[in-house]
Amino acid sequence: MNFPVKYDTLTTNTFQNGVYQLVPIRYEDRLEIMKWRNEQIYHLRQEKPLTPKDQENYFQHIISKLFEQVKPNQLLFSFLKDGKCIGYGGLVHINWVDKNAEISFIMETALEKEHFSEYWQKYLHLIEKVAFEELNLHKIYTYAFDLRPHLYEAIENAGYLQEAVLKEHCLFEGKFIDVVIHCKINLLFSLRKVNEHDLDSTFEWANDEDTRKNSFYSEPISYLDHKTWFYQKLADLNSTNYIVVIENESAGLVRFDTQENQTTIGILISKKFRGKGLANCILRESCNEFLKISNAPIIAFIKLSNITSIKSFEKAGFRKIEQVKVNGIDAYKYQYEH
């Protein structure tokens, strides 16, 4: 059949990250997709195995109509690596009024053992481009039967937060099981260089109670001391400082100080923007931006007790090197691996 190749509702129909692509679901992939769904029926909302006739009818009478709709209830894609389909998914139950959608994804069954977390994160990176950059949705979420706990680690590493557990929500093999929902809010951020107008906001972030508690110098900072430090950093050619901007609001500071062929990173996030799963994304993007102007290894020192930061840095791609002392306090030394 002459199957459509692009969605009218999208300006961009191909989304790419290196060798990985999302393209509008391809007719040629239908039987492979059917095979994977039947193999993985245990975790899908699918009552019985699909037949080739079922799949043909679904593609001809349901999916083909999505391509010309202005506001379809779902957008489905083939997930490719080097041009080969290795999975499929999309945005389903799209709510155009409230600007949210559920994420759907399955990969080729044989790839799950070795590549489950890797491919989930590659896919999420691309589907976020569709949801946030193309459709300007406010929120996307996963709805998963509590059968694959390794899924939660993969999506949490991609910055998704557990939003809810629906207790005993589904009947599976004669037993009621939970459904776990993870979500990400569309808070796309940008980076800009620090300027003199950031003095007061950086003072507020640095003197926050939680920030001081997790610092290696935990005493409150006077405004005069902060001002002296701030202008020294502005003038220091070995210090690169970025302000994180979210929805036109200054939301945090990422600092890179280079000495003796290595760079130490520090981060401050406004209290308003904490708890949203942003830290690991901000760290990763900031490091990648800094590495455009420097090839010095990026290291971080984190208190052993600062579990939140440890998780954020590890999710961002930092690897623990050793345990050290900083200002007489036990700490871990991490290095960014890009």
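The values are calculated or read from the model by the stated rules, or taken from the named source; none is laboratory data. Computed from a predicted model, the values in this text were never measured in an experiment. When we count neighbours, we look across all protein chains shown, and the Cβ atoms used for this are built from the backbone with ideal geometry, even at glycine. When the accessible area is computed, the model is the full protein with side chains, heavy atoms only, and any ligands, DNA or RNA have been set aside. Shrake-Rupley method; radii C 1.70, N 1.55, O 1.52, S 1.80 Å.
Brief remarks on what is shown
- Residue within segment 2-14 that is touching a helix residue (DSSP H, G or I) at 6+ places or on another chain (Cβ under 9 Å), among the hydrophobic types (A, V, I, L, M, F, W, C), surrounded by 18 or more Cβ atoms within 10 Å (Cβ to Cβ) and at pLDDT 95 or above present: no
- Filter result for E168 (without any contact (Cβ under 8 Å) to a residue 24 or more places away in the chain, exposed (fewer than 13 other Cβ atoms within 10 Å of the Cβ) and touching a Phe, Trp or Tyr at 6+ places or on another chain (Cβ under 8 Å)): yes
- Boolean, N157 is touching a Lys or Arg at 6+ places or on another chain (Cβ under 6 Å), of a type in the set (S, T, N, Q) and open to solvent by 30 Å² or more (accessible area, probe 1.4 Å): yes
- Restricting segment 286-318 to residues that are of a type in the set (V, I, T) and surrounded by fewer than 20 Cβ atoms within 10 Å (Cβ to Cβ), the residue that is farthest from E118 (Cα to Cα): I293
- V97 vs. criteria among the β-branched types (V, I, T) and touching a residue at least 24 places away in the same chain (Cβ under 8 Å): no
- Any hit, segment 146-153, residues being under 30 Å from F256 (Cβ atoms) and assigned to a loop (DSSP other than H, G, I, E, B): no
- Strands (runs of 3 or more DSSP E) fully within segment 217-285 counting 1 or more residues that are surrounded by fewer than 17 Cβ atoms within 10 Å (Cβ to Cβ) and of a type in the set (A, V, I, L, M, F, W, C): 239-246
- Criterion: at pLDDT 95 or above, assigned to a helix (DSSP H, G or I) and over 16 Å from R148 (Cβ atoms) - qualifying residue of A101, A131: A131
- Per-region count, segment 36-94, residues open to solvent by 10 Å² or more (accessible area, probe 1.4 Å), within 27 Å of E112 (Cα to Cα), of a type outside the set (K, R) and in a loop (DSSP other than H, G, I, E, B): 9
- Checklist (1) over 29 Å from E32 (Cβ atoms); (2) surrounded by 15 or more Cβ atoms within 10 Å (Cβ to Cβ) applied to Y143, failing item: (1)
- Lone unmet requirement of (1) of a type outside the set (V, I, T); (2) farther than 23 Å from A154 by Cβ; (3) without any contact (Cβ under 8 Å) to a residue 40 or more places away in the chain for R284: (2)
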